[in-house]
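Notes to accompany the following structure.
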Amino acid sequence: MRKSVLLLAAAVVMFSAACTKTGPQGPQGVQGPQGQTGAAGANGVDGTNANVVGSAPFTVTAWSQNGNYYYADFSLATITNSVVNSGIVEVFKKYGTTDWTNLPDISGKTSTVFNFYNGGFSIYVQNSDGTLPAYPGTQTFRTVVITSTQRIANPKTDWKNYKEATIAAGLESAAPVAQ
């Protein structure tokens with residue numbers, strides 16, 4: 001009996017020792033077949049997006065003159081190289097107490113236009129016939145800066161429409177513009 005117990009114990013020890021991993025990993029197996037397409041997920045809730053930045057309304061009271069046009073330059077750090085290359089910048093001009101229109105704004109032969117660049121933008125007032133327009137005086141504007149990510153994510157937003165753009169931008173937390 002004692003011999004049987006010893007033989008059984010020796011067999012258990014040998015079996016246990018034989019089950020350890022000591023060799024190198026084998027080659028990778030063949031790729032399995034493509035799985036089935038999963039069900040479509042539910043639509044998420046729309047929210048605010050940090051990729052749209054609006055400025056607080058700002059008033060221009062001092063215009064510079066260069067030849068036959070007036071201009072004002074502004075710094076705006078949210079206009080980055082990425083925005084210049086593939087985003088959108090909209091500038092809106094205020095009329096009265098509640099009406100806004102996007103630039104360019106044309107009134108008779110006088111137009112108010114803008115251009116933007118990395119770190120800022122400029123607003124110009126000029127006449128279509130090349131003459132110097134009347135001094136623009138005090139005017140109020142607002143900007144909306146849209147990254148390409150936000151533009152693509154909101155393809156139905158009319159960014160030139162003041163109401164749609166300001167709602168999409170969540171302008172209640174708008175940053176000031178520096179002249």
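The values are calculated or read from the model by the stated rules, or taken from the named source; none is laboratory data. Note that the structure is a prediction, hence the values are computed from the model and not measured. Cβ placement follows ideal geometry from the backbone for every residue including glycine, while neighbour counts extend to all protein chains displayed. Heads up: the accessible areas ignore ligands, DNA and RNA and are worked out on the full protein's heavy atoms, side chains in. Shrake-Rupley method; radii C 1.70, N 1.55, O 1.52, S 1.80 Å.
Apart from one condition, Ile79 fits all of (1) assigned to a strand (DSSP E or B); (2) surrounded by 18 or more Cβ atoms within 10 Å (Cβ to Cβ); the exception is (1). The number of residues in the stretch 136-165 being assigned to a loop (DSSP other than H, G, I, E, B) and surrounded by 14 or more Cβ atoms within 10 Å (Cβ to Cβ) comes to 7. State all residues of the stretch 104-135 that are surrounded by fewer than 18 Cβ atoms within 10 Å (Cβ to Cβ), not in a strand (DSSP E or B) and not basic (Lys, Arg); if no residue qualifies, say none. If the condition is that a residue be surrounded by fewer than 18 Cβ atoms within 10 Å (Cβ to Cβ), not in a strand (DSSP E or B) and not basic (Lys, Arg), then Pro104, Gly108, Asn118, Gly119, Ser128, Asp129, Gly130, Thr131, Leu132, Ala134, Tyr135 are the ones that fit.
Can Thr80 be described as in contact with an Asp or Glu (Cβ under 7 Å, 6 or more places away or on another chain) and modelled with pLDDT of 90 or more? So Thr80 does not fit the description; no. Can you pull out the residues in the stretch 147-164 that are more than 20 Å from Lys94 (Cβ to Cβ) and touching a residue at least 12 places away in the same chain (Cβ under 8 Å)? Answer for the stretch 147-164, where residues must be more than 20 Å from Lys94 (Cβ to Cβ) and touching a residue at least 12 places away in the same chain (Cβ under 8 Å): Thr147, Ser148, Thr149, Gln150, Arg151, Ala153, Asn154. Considering (1) touching a Leu at 6+ places or on another chain (Cβ under 8 Å); (2) at pLDDT below 80, the lone condition that Thr48 does not fulfil carries the number (1).
Taken over the stretch 83-99, the criterion of being touching a Phe, Trp or Tyr at 6+ places or on another chain (Cβ under 6 Å) and open to solvent by 50 Å² or more (accessible area, probe 1.4 Å) is satisfied by Lys94 alone.
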